[in-house]
1. Please go through segment 1-33 and give me each residue that is of a type in the set (Ser, Thr, Tyr), within 16 Å of ligand 1 (Cβ to nearest atom) and either outside any strand (DSSP E or B) or closer than 16 Å to Thr103 by Cα (or both), ordered by number.
2. Here are some conditions: (1) within 29 Å of Arg13 (Cβ to Cβ); (2) in contact with a strand residue (DSSP E or B) (Cβ under 8 Å, 6 or more places away or on another chain). Trp112 meets all but one. Which one does it not meet?
3. Scan Thr109, Thr79, Thr103, Thr4 and give me the residue that is away from ligand 2 (no atom under 14 Å from the Cβ) and closer than 30 Å to Pro130 by Cβ.
4. Name the residues in segment 49-65 that are more than 16 Å from the chain's Cα centre (by Cα), more than 27 Å from Ile122 (Cα to Cα) and not in a strand (DSSP E or B), would you?
5. Is it the case that Leu44 is within 16 Å of ligand 2 (Cβ to nearest atom), under 13 Å from Ile94 (Cα atoms) and among the hydrophobic types (A, V, I, L, M, F, W, C)?
6. Does segment 89-103 contain at least one residue that is out of contact with any helix residue (DSSP H, G or I) (no Cβ under 8 Å at 6 or more places or on another chain), farther than 18 Å from Ala18 by Cβ and not aromatic (Phe, Trp, Tyr)?
7. What are the residues in segment 78-91 that are more than 16 Å from ligand 1 (Cβ to nearest atom) and either surrounded by 22 or more Cβ atoms within 10 Å (Cβ to Cβ) or touching a residue at least 60 places away in the same chain (Cβ under 8 Å) (or both), if any?
8. Any residue in segment 34-48 that is over 25 Å from Ala120 (Cα atoms), in contact (Cβ under 8 Å) with a residue 40 or more places away in the chain and either surrounded by 19 or more Cβ atoms within 10 Å (Cβ to Cβ) or within 12 Å of ligand 1 (Cβ to nearest atom) (or both)?
Amino acid sequence: MTRTGGCRCGAVRYTLSAEPFAVRLCWCRDCQYWSTGNAAVNMLVPRDAVRVDGELDGWDSMAESGNHMRRSFCRRCGTPMFSEARENAERMVIRVGTLDDATGIVPTTIIWTDSAPAWAPIDPALQAFPRQP
Ligand SMILES: [Zn+2]
Ligand SMILES: [Zn+2]
């Protein structure tokens, strides 16, 4: 099925024409910045299934894995949208909060629980990894 999404202000829109490989809650320190202190809800998707319309800005950094990450956001409203590793051309991450309708998108995994705060609700029903699996 094709899903659609975009940033809060509507300047950036996208379509996703594949099912996600995975849906993960991520407590890495970086995601806490983008998610106002909470875990990010990320879906891992095939890059060639995503079509983006609109102007993004981005921030580049090096992940602990040594991968070159680019995190993209709407330059107008600042909504965090995507992240991509230069070393992984096939996959990218979409922030689930940007979907128009996230029905059926359910996290199955929690990652980076090592950097979660003590109050973080870690659902025991989900597979948890202390760091990047
Ligand atoms: Zn926007
Ligand atoms: Zn993260």
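1. Here is the first cut: in segment 1-33, the residues of a type in the set (Ser, Thr, Tyr) are 2, 4, 14-15, 17, 33.
Filter once more, so that each one left must be within 16 Å of ligand 1 (Cβ to nearest atom): 4, 14.
The one that is of a type in the set (Ser, Thr, Tyr), within 16 Å of ligand 1 (Cβ to nearest atom) and either outside any strand (DSSP E or B) or closer than 16 Å to Thr103 by Cα (or both): Thr4.
2. The one condition Trp112 does not meet is (1).
3. On the way: Thr109 fails: away from ligand 2 (no atom under 14 Å from the Cβ); Thr103 fails: closer than 30 Å to Pro130 by Cβ; Thr4 fails: closer than 30 Å to Pro130 by Cβ.
That would be Thr79, the only listed residue that is away from ligand 2 (no atom under 14 Å from the Cβ) and closer than 30 Å to Pro130 by Cβ.
4. Answer for segment 49-65, where residues must be more than 16 Å from the chain's Cα centre (by Cα), more than 27 Å from Ile122 (Cα to Cα) and not in a strand (DSSP E or B): Gly54, Glu55.
5. Working: within 16 Å of ligand 2 (Cβ to nearest atom): yes; under 13 Å from Ile94 (Cα atoms): yes; among the hydrophobic types (A, V, I, L, M, F, W, C): yes.
Here the answer is yes, as Leu44 does meet what is asked.
6. Restricting attention to segment 89-103, the residues satisfying the condition of being out of contact with any helix residue (DSSP H, G or I) (no Cβ under 8 Å at 6 or more places or on another chain) are 93-94, 96-101, 103.
Subsequent filtering for residues that are farther than 18 Å from Ala18 by Cβ retains 97.
Still in the running and not aromatic (Phe, Trp, Tyr): 97.
Taking every residue of segment 89-103 in turn, at least one turns out to be out of contact with any helix residue (DSSP H, G or I) (no Cβ under 8 Å at 6 or more places or on another chain), farther than 18 Å from Ala18 by Cβ and not aromatic (Phe, Trp, Tyr).
7. Step one: list which residues in segment 78-91 are more than 16 Å from ligand 1 (Cβ to nearest atom), which gives 83-91.
Across segment 78-91, the qualifying residues are Ser83, Arg91.
8. Taking every residue of segment 34-48 in turn, at least one turns out to be over 25 Å from Ala120 (Cα atoms), in contact (Cβ under 8 Å) with a residue 40 or more places away in the chain and either surrounded by 19 or more Cβ atoms within 10 Å (Cβ to Cβ) or within 12 Å of ligand 1 (Cβ to nearest atom) (or both).
No lab work stands behind these numbers, since they all come straight from the coordinates. Since we're looking at a predicted model, the values are computed, not measured. In this analysis, Cβ positions are derived from the backbone assuming ideal geometry, glycine residues included, and neighbour counts consider all displayed protein chains.
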